[in-house]
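Participant: The structure's right below; bear with me while I get my questions together.
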Amino acid sequence: MAVECDWMGNTKPFSGFSFLPLDALNEVITPNIVKAQLSPMDDFNRIVELSKKIFAILGFIEAEERIRDLFKDGLRDEHLPLKIIGGTQEYNLLISSGARCRGREFRSFSKWRDIEIEYFVRRQWLVLAPVFTTRGEHINIDGDTPLPLYDITKIAVTARATVYSGILHAAHIVPRPTHHIKVAVKHHDSLESFHEEKGTLTKVQALKHPHLIQYIATVQQGDLSYTIFPWANGGNLCDFWRSYPNALPTRSFGTFLWCFQQMVGLVDALFALHGVNCRHDDLRPDHILHFNDQDNSSVGGTLVIAFFHHAARHRISSELRHDLEDTRASSPVYEPPEATSYEPRSRRYDMWSIGCIFMEFAIWLLYGYDAIEKFRELLRDQESPPSQHGAFHKNIEGDTIIIPPVVSRGFDALRNDPRCAKGTGLEGLVSLISNDLIVIDPKGRANAEISRVKLREIVQKAEKDPSYLIKNVEAPPKVPDVFGGEI
């Protein structure tokens with residue numbers, strides 16, 4: 001009962017791989033099954049304990065009776081996989097390439113026909129799918145070793161990787177979960193990009209921050225390389241906004257508080273990331289994932305920063321650097337003004353991006369996702385070079401950079417909304433975004449530590465006094481024209 005990868009012609013790296021799940025192996029290979037192939041004098045319990053996979057392989061090729069000779073020769077599961085060595089005269093000599101017993105020879109195959117040995121070597125891979133025992137571990141496996149994945153579907157292609165969804169079999173996870181786990185599998189186009197991202201993810205993993213992505217494992221399968229992540233069942237932040245398109249009546253106090261708590265968490269995650277001399281460098285709503293532990297009728301779960309393929313680590317203080325780093329993100333919308341300059345980048349690079357995201361968050365809270373779309377459309381319509389298309393900043397008269405009128409109108413609209421009255425948490429959020437985050441000069445931009453302190457103060461006050469977050473009004477005001485309302 002091998003499980004075959006459902007690759008549907010579009011998941012080439014996984015095509016042709018099948019595996020026998022460990023729970024199925026344990027169900028099929030029992031002492032009674034093995035005993036039926038042996039004499040009463042044979043130690044069938046020891047065979048089940050030490051050579052269960054060997055017996056299963058023999059079952060695949062209908063040669064179960066040969067377990068006695070192989071077991072006497074010392075062949076155990078730990079010796080797998082086996083490889084054929086030598087020339088034609090030693091074709092029936094197999095050698096272990098298992099990690100613990102590499103190089104051990106087994107001459108008990110000397111009486112086998114060549115075709116039988118080929119079948120054995122080919123079918124052994126069915127029982128060799130790895131087990132993931134530690135979150136964030138790295139696994140090196142042979143190019144023929146299957147991953148314990150099935151129902152694999154291609155979902156995205158990026159500049160340096162292809163991303164698939166799939167199901168990770170529960171029997172290959174320790175401790176075993178109650179059900180199989182849906183995962184995202186990133187197949188890297190090159191080992192260089194794989195090792196680059198792996199280094200960053202290892203540092204992120206060590207932080208153990210609930211708002212930073214924690215990967216399940218990295219895998220090198222011959223010349224192929226993968227990173228396996230938990231599946232974000234709520235999609236990304238844009239998906240979340242689209243799921244709740246209307247401003248009212250879904251924006252309850254609980255919704256507002258949860259959103260502010262998530263913003264605190266995201267900034268705290270940046271504070272932790274910056275604390276180990278890393279920048280994300282490509283923050284945008286679709287790089288923030290939503291892990292939802294609530295039912296579809298309520299807002300909840302956790303927003304998590306992911307996609308660290310552009311992340312940069314400072315080997316020396318960025319204030320001393322004068323090189324233009326090749327870390328340009330693929331979209332200019334959330335990039336700060338210094339993204340295209342030759343000035344050294346600081347960790348405040350990320351703070352501009354998170355400010356733009358938080359501005360859209362505030363727009364969504366008050367007016368819904370359609371308002372964000374209209375605001376983005378106006379940003380795209382402004383005259384700007386391709387490197388600033390749709391961005392929250394604009395070049396005028398050479399090197400002079402300004403906040404474009406569309407963004408200024410957006411801030412005015414938010415401040416003038418009666419629900420954003422002076423002294424409310426919402427007013428505090430808008431002030432933080434406009435005065436401290438979306439600031440042209442990075443030296444005048446608030447860092448993650450200052451930003452999280454200000455956001456925490458808002459949340460702490462709101463938890464004590466729910467009316468602090470937003471001013472109640474009898475009827476919501478009209479949507480401002482900058483957000484798609486009628487003029």
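Participant: Summing -39500 (n - 2.57) over the DSSP H runs of n ≥ 4 in the chain and dividing by its residue number, what mean residue ellipticity at 222 nm do you reach, to the nearest 500 deg cm²/dmol?
Facilitator: Working: 14 runs with 161 residues, N = 487.
Taken over the chain, the calculation gives -10000 deg cm²/dmol.
Participant: Rank these for me by crowding, V48, V204, going from fewest to most other beta carbons within 10 Å.
Facilitator: Values: V48 18, V204 25.
If I rank by nearby Cβ atoms, fewest first, I get V48, V204.
Participant: What does the charge count near V48 come to, summing +1 for each Lys or Arg and -1 for each Asp or Glu among other residues with Cβ under 13 Å from its Cβ?
Facilitator: Result for the local shell: -1.
Participant: Given Cα pairs under 8 Å that are at least 6 residues apart, what percent is the relative contact order of the range 137-230?
Facilitator: Relative contact order for the range 137-230 comes out at 32 percent.
Participant: A follow-up question, please. So between D114 and V473, what do we pick up on full extension, going 0.36 nm a residue minus the alpha carbon distance?
Facilitator: The span from D114 to V473 would gain 120.9 nm if fully extended.
Participant: Now, a different point. Tell me, in nm to one decimal, what length is gained between N435 and N233 on full extension, where the rule is 0.36 nm per residue of separation less the Cα-Cα distance?
Facilitator: On the way: separation 202, 0.36 × 202 = 72.72 nm, distance 3.46 nm.
Contour length minus Cα-Cα distance gives 69.3 nm.
Participant: Efficiency by 1/(1 + (r/R0)^6): what FRET value for D69 and R376, r their Cβ-Cβ distance, R0 = 41 Å, to the nearest 0.05?
Facilitator: FRET efficiency, D69 to R376: 0.05.
Participant: Now for a different question. So which GluC sites (Glu not before Pro) in the range 330-416 end up in coil per DSSP with only 12 or fewer other C-beta atoms within 10 Å?
Facilitator: E383, E397
Participant: On full extension of the chain, what length is gained from N45 through I396, given 0.36 nm per residue of separation minus the C-alpha to C-alpha distance? Numbers along the way, then the final one.
Facilitator: Values: separation 351, 0.36 × 351 = 126.36 nm, distance 8.07 nm.
Extending this stretch completely gives an extra 118.3 nm.
Participant: Here are labelled values, (i) 28.7, 93; (ii) 23.5, 71; (iii) 26.2, 88, and one is the computed Rg and Dmax of the Cα atoms in Å for what I pasted. Which one?
Facilitator: Among (i) 28.7, 93; (ii) 23.5, 71; (iii) 26.2, 88, the one calculated here is (i).
Participant: Also, I was wondering about something else. Quickly work out the Q205-to-N277 label distance, labels modelled 7 Å from Cα along the C-beta direction, and quote it in nm with one decimal.
Facilitator: The answer from the label model is 2.1 nm.
Participant: Ok, one more. If r is the Cβ-Cβ distance from H195 to T30 and R0 is 41 Å, what FRET efficiency results, to the nearest 0.05? Write out the running numbers ahead of the final one.
Facilitator: Values: r = 43 Å, r/R0 = 1.05.
Between H195 and T30 the formula returns 0.40.
Participant: Just to verify a number: FRET efficiency for R107 and E137, C-beta to C-beta distance, R0 = 41 Å, to 0.05?
Facilitator: E between R107 and E137, to the nearest 0.05, is 0.70.
The numbers here are math on the coordinates, done by the rules we state, and not lab data. None of these values were measured; they are calculated from a predicted model. Every residue, glycine among them, receives a Cβ derived from its backbone with ideal geometry; neighbour counts consider all protein chains shown.
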